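S.K.: Quick one: the structure is below, and I'll ask about it shortly.
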Amino acid sequence: MVLSFTGRARYSGRGSLSLILIHLPFAASCLTLASLTSPAAAQTPALPDLVITATRTALEPARAGSSITIIKSEEIAKTGSSGVVDVLRGLAGLDIQQTGGVGASTSVSLRGAYDGQTLVMIDGIRIGDPSSTAGQADLGQITTNDIARIEVLRGPQSALYGSDALGGVINIITKTGKRETKREVLLEAGSYGTLHSRGSISGGDDKLSYAFSIDALHSDGFARFGYRIDRPIVLNFGALPLPPLPRTDPVDRGGVTGRVTYAVNEDLRIDTGIAAYGDWLRLVNPGATMAPSVFDSYNQGRSTLLQAHTRITLDSFDGKLRNTVTLFGTLSDNATRERELCFDASFLQFDCRQTFRGSRVGAEYQGDLKLGTFGLLTFGVSDQVETARTTQNPDPQDGSFVPVNAHQTTQAAFIQHQITLWNRLDLSLGGRVDSVIGGKTFSTYRATAAYRIEETGTKFHASVGTGARTPSLFQRFSQYGTAALLPEQNVGYDAGVDQKLFDGRLTLGATAFFNKFQNLIGFANVPSCTPGQQIQGGCYYNVNRALTKGVELSGDAIIVPDAWKARATYTYMIARQLEPGSDLPRRPRNKASAALIFSGVPNLELEARATYVGRRTDFDFYTANGVTAKVQLAPYTKIDAFASYKVNDTTSVFARIENLTDVRYEDVLDYGTAGRAFYAGLKVSW
């Protein structure tokens, strides 16, 4: 299978649009890129009662000692029209930082972790950008087409997944085909000039199954910076009043996914998948010194993400040993152009274009050995190469710009043992060693326990583990880099209880957690910087320590069977940087969500949802006379409503109101968020 993804967008100012064009020629050849995932990942979309991210193998959620949330496709369909970001909002322990509207750069944090410390995967493939500052993933460009479910695993998981999994793991799992051919078309329109379309097809037989989908969205949008901000905004350290906001800030985004699975025989299976996403949007430059440069139409950004895998699974010794060989790869390609974006050696600003390209390719072997009453032994090795390349045009050739053209190879070995004692106590213990060629070697461990009292519907669970993040290629090899940086590390603990009451109609959960971080990478002008770095403002170095601790609560209730349901979450978290002492930015101490769902009328479902985000710290980089100032973002409560009605066996209509009370709020200081918005659409399946 070969896929070609081309993204083009044109905006005339009158609403005309040349939307993203996607072309998929499928040839006889197969992909040779693949994902870092378990063999069960290819199968579990058809098994919604199992989870694979918690142990890299198919596992009943009740047997997992880790704290994990599963978001199923039905829930994704309600809230995910604007992308994966909206699906994740409101989850316990998860914070989102989005810089203004659909398609904008968006990062996520689990349990207070820093940028790049939450591992994001699609079908087990890590999608963090090796060319970004901290190697983090940008979820702003990820669409929700053909997602079977999303698994959110909290706490340090580097013993399972290696670098980046300090706060936890988000694994987005796409759909696989079933025997029955299924086609689906979705059309949607709404506020801010939003037009959204999606199509998918899936099917198969005893040997071959397939699933393909395509998604395209256009939004006229709103000014990403300053929109619906009540207070005055002054830029250039107090010298530049914010110029008039543009009427629109358009964005075009598209995505395509594909999965093909072939069962050669009962023991041999080949799974190939691909996902590609791209967007184009207007940018804003709040660091400009001249008013016309802030919102100039010259400011544009384009990003593309491609990931793919081929996975071969072979069962041997009468099914006692499952062998999986996986080839995987990702490509992130981002380009920006902005007025006054770049600086020369004299610190004079000028217009420029910059490109950032990061790639990752590699292979992994995983073995799963059934030991009968002695449990399951999982072991494996992996090898991956990451590259990063940056360019700037024009380049003054005065030493002010030094391109990054670097790579690093990481080799790893891991092992994990799972066992169940007395049919009640589920234990796991594992460890991993990662070696960066020419860099540092680090080891991590993880242990979990779950004790089930089925007679009372009680489950106790606990985990302890360590996490690590290899310094990014930018932090090691850019003009500000330090090649000998140590990996960032943490140790984390959690313990909790889940309780079912009233014959399962009420489920309550409570988990307490603690994480201690060290060797965190900071940026400053310190004596360890080279003379050239000191002239340019500083370098990266290991200095910071931090801790996060808190409690996560959840509840699900069936109020009236087949009519009323409710669910709620609450997170209390203290997130502190210890050197120097301060609250971590954009991490609220209090966060809660609640939803009420009605399905008492045939074919009709209604839902109201409220999300509360408490006060949190942020930093003002532009208005404080050259000194970064600490500010407080106000708390807010956002209410959304959803409705869907199944007209007949093939046709459904749906609608949603976002931000029902038109509350003004910010994820990131001075970046706007949408007001009250209305959307409606039609879905046809046959």
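Rule-based calculations on the coordinates, nothing more; no lab input. As the structure is a prediction and not an experimental result, all values here were calculated from the model. Here the Cβ is made from the backbone with ideal geometry for all residues, glycine too, and neighbour counts use every protein chain on show.
S.K.: Please sort by residue number the trypsin sites (Lys or Arg not before Pro) in segment 234-275 whose DSSP state is loop and whose Cβ has at most 10 other Cβ atoms within 10 Å.
M.R.: 247
S.K.: May I pose another question? Compute the distance in nm between two label points, each set 7 Å from the Cα along the Cα-to-Cβ direction, one at residue 348 and one at residue 567.
M.R.: Using points 7 Å along Cα→Cβ, the separation is 5.8 nm.
S.K.: Just tell me which aspartates and glutamates come within less than 19 Å, Cα to Cα, of residue 207; anything on the same chain fewer than 8 places away is out.
M.R.: Within reach: 180, 266, 267, 271, 315.
S.K.: Among the lysines, which have Cα under 23 Å from the Cα of residue 683 when same-chain residues fewer than 8 positions away are ignored?
M.R.: 72, 78, 175, 178, 182, 646
S.K.: Per DSSP H run of at least 4 residues, take -39500 (n - 2.57); add these up for the chain, divide by its residues and hand me the 222 nm value, nearest 500 deg cm²/dmol.
M.R.: The helix contribution divided over the chain gives -1000 deg cm²/dmol.
S.K.: Output wanted: per-residue J couplings in Hz (rounded whole) for segment 53-63, from phi through Karplus 6.51 cos²θ - 1.76 cosθ + 1.60, θ = phi - 60°, x for Gly and Pro.
M.R.: 6, 5, 9, 6, 9, 5, 8, 5, x, 5, 9
S.K.: Okay, moving on. Using a Förster distance of 60 angstrom, determine the FRET efficiency expected from the C-beta separation of residue 455 and residue 484, and round it to 0.05.
M.R.: After rounding, the FRET efficiency stands at 0.60.
S.K.: OK, next. If exposed GluC sites (Glu not before Pro) are those in a DSSP loop with at most 12 other Cβ within 10 Å, what is the longest stretch of the chain that has none?
M.R.: Free of exposed loop sites, the longest segment is 456-686.
S.K.: What are the ³J(HN,Hα) couplings of segment 311-316, residue after residue, when phi is run through the Karplus curve with 6.51, -1.76, 1.60 and θ = phi - 60°? Round to Hz, x for glycine and proline.
M.R.: My calculation for segment 311-316 gives 10, 10, 10, 10, 8, 9 Hz in order.
S.K.: What percent do you get for the relative contact order of segment 528-686 when only Cα pairs under 8 Å and 6+ apart count?
M.R.: Computed value for segment 528-686: 14 percent relative contact order.
S.K.: Also, quick follow-up: Scan around residue 406 for amide H atoms under 5 Å from its own, H built in the peptide plane at 1.01 Å from N, and keep only partners 5 or more places away or cross-chain.
M.R.: Amide H to amide H, under 5 Å and 5 or more residues apart or across chains, residue 406 pairs with 388.
S.K.: Looking at the P(r) of segment 531-622, how many percent of alpha-carbon pairs lie beyond 17 Å?
M.R.: 68 percent
S.K.: Another question, if that's okay. Over the chain, what is the relative contact order in percent, taking alpha-carbon pairs closer than 8 angstrom and at least six residues apart?
M.R.: 12 percent
S.K.: Of all alpha-carbon pairs in the chain, indicate the percentage at a distance above 43 angstrom.
M.R.: Percent of Cα pairs beyond 43 Å in the chain: 21.
S.K.: Tabulate in residue order the Karplus-calculated ³J(HN,Hα) for segment 653-660, using 6.51 cos²θ - 1.76 cosθ + 1.60 with θ = phi - 60°, rounded to whole Hz; enter x for Gly and Pro.
M.R.: 10, 8, 8, 8, 10, 9, 6, 4
S.K.: Taking the alpha-carbon distance from residue 516 and a cut-off under 16 Å, which aspartates and glutamates remain once sequence neighbours fewer than 8 residues away in the same chain are dropped?
M.R.: By straight Cα distance, residue 516 reaches 115, 164, 488, 494, 579, 583.
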